[in-house]
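Shown next, in structure tokens, is the structure this report addresses.
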Amino acid sequence: MRKNIVAGNWKMNKNFEEADDLLFDLAESLKDLELENEEVIICPPAIYLEMSTDVGLENNFSVGAQNCSNHEVGAYTGEISAAMLKSLDVQYCIIGHSERRKYFKETHDELAEKVNLLLDNSINPIFCCGEVLEERESEKHFDIVKGQISDSLFKLNKEELLNVVIAYEPVWAIGTGKTATSDQAQEMHAFIRGLLSEKYGEDIANEISILYGGSCNAKNAKELFSQKDVDGGLIGGAALKAEDFLAIIQSF
Ligand code: PEP
């Protein structure tokens with residue numbers, strides 16, 4: 001049975017002291033939480049990964065990075081490899097977030113390389129996809145998402161795909177306070193599961209967690225997570241305060 005997941009993407013927020021405080025608050029909130037089929041993932045800036053995995057191990061949450069290099073090793077100043085993440089016991093890594101696609105011009109092929117390197121290092125990619133407003137308004141959103149998924153994921157075999165989490169994040173909803181309606185989210189999530197089913201079969205498709213991201217918060221999470229194909233959320237702004245994040249986790 002696929003897992004319900006809430007993943008918090010801290011992006012480039014928090015200095016060391018603030019990050020330490022937030023980890024402490026999260027640990028306090030999460031340590032006694034009864035999680036059955038749910039998993040909580042914290043994705044802090046890379047510089048805080050080591051301290052986060054230490055806290056996470058004892059307090060009911062997994063840790064993910066926000067990006068990794070598409071190169072294995074070598075002269076790539078400033079980059080962090082999948083193998084380095086593995087050596088810190090990082091379990092997940094966000095790949096293809098729209099901010100990286102936009103500001104760092106990441107291509108479908110580079111994202112496929114990152115996914116492969118992560119899987120080689122037993123790290124689960126959280127693969128982001130989603131359309132910009134113009135693409136939705138011109139009704140190209142299904143084609144865009146199909147292209148993103150097929151170009152970066154469809155060379156994987158079934159066993160590899162089973163380690164991937166997909167996050168549908170309509171770009172027009174990220175950080176804007178404008179959320180997709182639960183119908184819009186369900187429609188796209190069902191479409192994505194259908195694509196996976198066509199390529200890998202229904203049994204595999206039903207095992208893949210598909211998260212919604214885009215201004216998800218304590219008020220709208222319950223409605224979104226109650227949709228059949230919405231298996232949780234990738235949370236930005238609302239992951240920066242332990243109490244807001246906890247309320248989202250409790251929305252299942
Ligand atoms: C995100 O960046 O992945 C995200 C969903 O951000 P927010 O929740 O702030 O819209």
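From its DSSP helices (H runs of at least four residues, each -39,500 (n - 2.57)), the chain gives a residue-normalised ellipticity at 222 nm of -12000 deg cm²/dmol. Residues considered: Q91, Q184, Q227. Largest GNM mean-square fluctuation over the chain, using C-alpha springs under 10 Å, is found at Q184. In whole angstrom, the chain maps to an equivalent ellipsoid with semi-axes of 25, 22, 18, each derived as √(5λ) from the alpha carbon gyration tensor and ordered largest first. Between amide H atoms placed 1.01 Å from N, distances below 5 Å from G233 occur with I5, V6, A7, Y212, all of them 5 or more places distant or on a separate chain. Connecting C-alpha atoms closer than 10 Å in a GNM of the chain, tell me which of L240, L33, L119 has the biggest fluctuation. The residue with the greatest mean-square fluctuation here is L33.
Applied to segment 4-21, the Karplus parametrisation 6.51 cos²θ - 1.76 cosθ + 1.60 on θ = phi - 60° returns per-residue 3J(HN,Hα) values of 8, 9, 10, 10, x, 9, 6, 6, 9, 10, 5, 7, 4, 5, 5, 5, 4, 4 Hz, with x for Gly and Pro. If the segment from E36 to H108 were pulled out straight at 0.36 nm per residue, it would be longer than the present Cα-Cα gap by 22.5 nm. Here the 3J(HN,Hα) profile of segment 184-194, calculated from phi with Karplus coefficients 6.51, -1.76 and 1.60 at θ = phi - 60°, is 5, 5, 4, 4, 6, 5, 5, 4, 4, 5, x Hz, Gly and Pro shown as x. Given +1 at the Cβ of Lys and Arg, -1 at the Cβ of Asp and Glu and no other charges, the dipole of segment 63-196 around its Cα centre is 140 debye to the nearest 20. When +1 charges are put on Lys and Arg Cβ atoms and -1 charges on Asp and Glu Cβ atoms, the dipole computed for segment 111-178 relative to its Cα centre reaches about 140 debye. Per the Debye formula with a single identical scatterer at each Cα and no solvent contribution, what log10 I(q)/I(0) holds for segment 51-129 at q = 0.22 Å⁻¹? Here log10 of I(q) over I(0) equals -0.99.
Applied to segment 40-45, the Karplus parametrisation 6.51 cos²θ - 1.76 cosθ + 1.60 on θ = phi - 60° returns per-residue 3J(HN,Hα) values of 10, 10, 10, 10, x, x Hz, with x for Gly and Pro.
For the chain, averaging the sequence separation of C-alpha pairs within contact (under 8 Å, six or more residues apart) and dividing by the residue count gives a relative contact order of 21 percent. Amide H contacts for I95 (H built 1.01 Å from N in the peptide plane; partners 5 or more residues away or on another chain; cut-off under 5 Å): I126, F127, C128. The GluC sites (Glu not before Pro) of segment 88-165 meeting both criteria, a DSSP state outside H, G, I, E and B (loop) and at most 10 other C-beta atoms within 10 angstrom of the site's C-beta, are E139.
Restricting the chymotrypsin sites (Phe, Trp or Tyr not before Pro) of segment 126-205 to loop positions (DSSP other than H, G, I, E, B) with no more than 16 neighbouring Cβ atoms within 10 Å leaves F154. Each Lys and Arg adds +1 at its Cβ and each Asp and Glu adds -1 at its Cβ; summed about the Cα centre, the chain shows a dipole of about 520 debye. Straightening the chain between S197 and Y76 buys 39.8 nm, computed as 0.36 nm per residue apart minus the Cα-Cα spacing.
Computed from the coordinates by the stated procedures, all read-outs in this text should not be read as laboratory data. As the structure is a computational prediction, the values presented were derived from the model and not from experiment. For neighbour counting, all protein chains shown are included, and Cβ atoms are generated from backbone atoms with ideal geometry for every residue, glycine included.
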